[in-house]
Amino acid sequence: MAYAMFYDAINTIAEKTGEGGLEVWKKALNNVTPAVEVKRRRVGGATLQVPIEVRPDRRISLSIKWLIGQARLRGEKTMKEKLVNEIIAASQGEGRAVKKKVDTHKMAESNRAFSHFKL
């Protein structure tokens with residue numbers, strides 16, 4: 001069912017945008033893929049947010065999870081429509097998934113002082 005929904009969404013994206021559906025999907029995935037994230041680490045009784053670089057396989061996993069998760073929160077009627085609109089928005093550098101990436105990078109940047117506490 002998920003495969004059918006994804007491929008229907010890719011075909012709908014191709015019809016809406018006039019570009020190749022997979023190219024739009026790849027562009028959206030690149031726009032959502034995080035480079036750094038923060039992990040909690042206890043140091044001397046305090047819990048610090050330590051920024052770490054994201055492994056390549058985890059980058060893809062996180063970006064797909066974020067796209068699907070943020071698509072679920074959209075207001076369209078069916079999941080296919082939600083996914084189509086979130087992917088198109090992400091490919092244009094907009095949407096909630098891109099905002100989540102930006103927020104994650106901002107949090108890592110603001111906690112850069114704790115980067116010497118590697119995990």
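The values are calculated or read from the model by the stated rules, or taken from the named source; none is laboratory data. In this text, all values refer to a predicted model and were calculated from it rather than measured experimentally. Cβ atoms come from the backbone with ideal geometry, glycine included; neighbour counts cover every protein chain shown.
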Filter region 105-119 down to the residues that are touching a residue at least 24 places away in the same chain (Cβ under 8 Å) and either charged (D, E, K, R) or in a helix (DSSP H, G or I) (or both), then identify the one that is farthest from L48 (Cα to Cα). H105
Just to be sure before I move on: is K106 touching a strand residue (DSSP E or B) at 6+ places or on another chain (Cβ under 9 Å), more than 21 Å from A2 (Cα to Cα), among the basic types (K, R) and at pLDDT below 95 in the structure I sent? no
Free of Cβ contacts under 8 Å to residues at least 40 places away in the same chain, under 17 Å from the mean Cα position of the chain (by Cα) and within 30 Å of N111 (Cα to Cα): does that describe L22? no
For region 42-69, what are the residues that are assigned to a strand (DSSP E or B), of a type outside the set (S, T, Y) and touching a Lys or Arg at 6+ places or on another chain (Cβ under 9 Å)? L48, Q49, V50, P51, I52
Before we move on, is V43 more than 30 Å from T78 (Cα to Cα), surrounded by fewer than 15 Cβ atoms within 10 Å (Cβ to Cβ) and touching a residue at least 40 places away in the same chain (Cβ under 8 Å)? yes
Applying the selection to region 12-41, what residues are within 30 Å of F114 (Cα to Cα), in contact with a helix residue (DSSP H, G or I) (Cβ under 9 Å, 6 or more places away or on another chain) and either in a helix (DSSP H, G or I) or not hydrophobic (A, V, I, L, M, F, W, C) (or both)? L29, N30, N31, V32, T33, P34, E37, R41
Residue tally, condition assigned to a helix (DSSP H, G or I) and touching an Asp or Glu at 6+ places or on another chain (Cβ under 9 Å), over region 73-82: 2
Return the residue satisfying two criteria in turn: it lies in region 91-104 and is touching an Asp or Glu at 6+ places or on another chain (Cβ under 9 Å) and assigned to a helix (DSSP H, G or I), and of such residues it is farthest from E23 (Cα to Cα). T104
Are any residues in region 75-86 surrounded by fewer than 17 Cβ atoms within 10 Å (Cβ to Cβ) and either closer than 15 Å to A97 by Cα or among the small types (G, A, S) (or both), and if so, which ones? G75
